[in-house]
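Written out below as structure tokens is the structure these notes cover.
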Amino acid sequence: MKDNFKELPALSGPPQYQSYLRERLETLSVRESYILAAVLQRAPPRNAEEAVETAARLDCYEFVEIDGFRETVEKKLLAKEFDKRVLDLCFDLNAYVRIVHNFENSYTSQDTGLYVHRNYDLSPPEEGMTMQ
């Protein structure tokens, strides 16, 4: 999945930001790779500074896997005798995940199969980190 991010270090910006991105992308965990892919799908960075901000703050995001969550919810509701057709046509799973996980807002990333939630506001790189 790390190959999916090879365009990030090529974004316009100071060389130290591009260098940071190359190093950070080499050390991404699988979990971080999924989060980064989902975040980039929702809000692609316009420059290296925005990419650094996102890559440096991946711990600010939480996620729930769509398929596992959907299956669990469907099993519970079907066990309570909800009609499968009603669930398929009327049930807002995205709203339900926000309620169950106490997410103020979330978004769906179809590419990664995740519901993603940013659990606190990101600070600009100048406030949160120093590039050397």
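Of all residues in the stretch 25-43 being among the hydrophobic types (A, V, I, L, M, F, W, C) and assigned to a loop (DSSP other than H, G, I, E, B), which is farthest from residue 94 (Cα to Cα)?
28
Can you list residue pairs whose Cβ atoms sit under 8 Å apart, with the first residue in the stretch 68-90 being at negative phi and touching a residue at least 40 places away in the same chain (Cβ under 8 Å) and the second being surrounded by 10 or more Cβ atoms within 10 Å (Cβ to Cβ) and of a type in the set (Phe, Trp, Tyr)? Count only pairs 6 or more apart in sequence or on different chains.
From residues that are at negative phi and touching a residue at least 40 places away in the same chain (Cβ under 8 Å), the pairs are 69/115.
For the stretch 1-19, how many residues are exposed (fewer than 13 other Cβ atoms within 10 Å of the Cβ), hydrophobic (A, V, I, L, M, F, W, C) and not in a helix (DSSP H, G or I)?
1
Quick check on residue 130: is it within 18 Å of residue 31 (Cβ to Cβ), of a type in the set (Val, Ile, Thr), modelled with pLDDT under 80 and not in a helix (DSSP H, G or I)?
No: the conditions fail for residue 130.
Being in contact with a Ser or Thr (Cβ under 9 Å, 6 or more places away or on another chain) and either surrounded by 20 or more Cβ atoms within 10 Å (Cβ to Cβ) or assigned to a helix (DSSP H, G or I) (or both): is that true of residue 52 here? Can you show your working first?
Details: in contact with a Ser or Thr (Cβ under 9 Å, 6 or more places away or on another chain): no; either surrounded by 20 or more Cβ atoms within 10 Å (Cβ to Cβ) or assigned to a helix (DSSP H, G or I) (or both): yes.
For residue 52, the condition - in contact with a Ser or Thr (Cβ under 9 Å, 6 or more places away or on another chain) and either surrounded by 20 or more Cβ atoms within 10 Å (Cβ to Cβ) or assigned to a helix (DSSP H, G or I) (or both) - is not met.
Does the stretch 55-89 hold any residues that are of a type in the set (D, E, K, R), assigned to a loop (DSSP other than H, G, I, E, B) and surrounded by fewer than 18 Cβ atoms within 10 Å (Cβ to Cβ), and which are they? Walk me through it before giving the result.
As a first pass, look at the stretch 55-89 and keep what is of a type in the set (D, E, K, R): 57, 59, 62, 65, 67, 70-71, 74-76, 80-81, 83-85, 88.
Still in the running and assigned to a loop (DSSP other than H, G, I, E, B): 57, 80-81, 83.
Scanning the stretch 55-89 gives 80, 81, 83.
Among the candidates 46, 22, which residue alone is of a type in the set (Lys, Arg), in a loop (DSSP other than H, G, I, E, B), over 30 Å from residue 88 (Cα atoms) and without any contact (Cβ under 8 Å) to a residue 60 or more places away in the chain? Lay out the reasoning, then the answer.
Working: 22 fails: in a loop (DSSP other than H, G, I, E, B).
Exactly one of 46, 22 is of a type in the set (Lys, Arg), in a loop (DSSP other than H, G, I, E, B), over 30 Å from residue 88 (Cα atoms) and without any contact (Cβ under 8 Å) to a residue 60 or more places away in the chain, namely 46.
Give the stretch 32-43 a look and list any residue that's touching a residue at least 24 places away in the same chain (Cβ under 8 Å) and open to solvent by 30 Å² or more (accessible area, probe 1.4 Å), or say none.
We begin by selecting, within the stretch 32-43, every residue touching a residue at least 24 places away in the same chain (Cβ under 8 Å); these are 32-42.
32, 34, 41, 42 - these are the residues of the stretch 32-43 that are touching a residue at least 24 places away in the same chain (Cβ under 8 Å) and open to solvent by 30 Å² or more (accessible area, probe 1.4 Å).
The values are calculated or read from the model by the stated rules, or taken from the named source; none is laboratory data. All values reported here derive from a predicted model rather than from experimental measurement. Heads up, the Cβs are rebuilt from the backbone with ideal geometry, glycines too, and the neighbour counts pull from every protein chain shown. Calculation scope for accessible area: heavy atoms of the full protein, side chains included, ligands and nucleic acids excluded. Shrake-Rupley method; radii C 1.70, N 1.55, O 1.52, S 1.80 Å.
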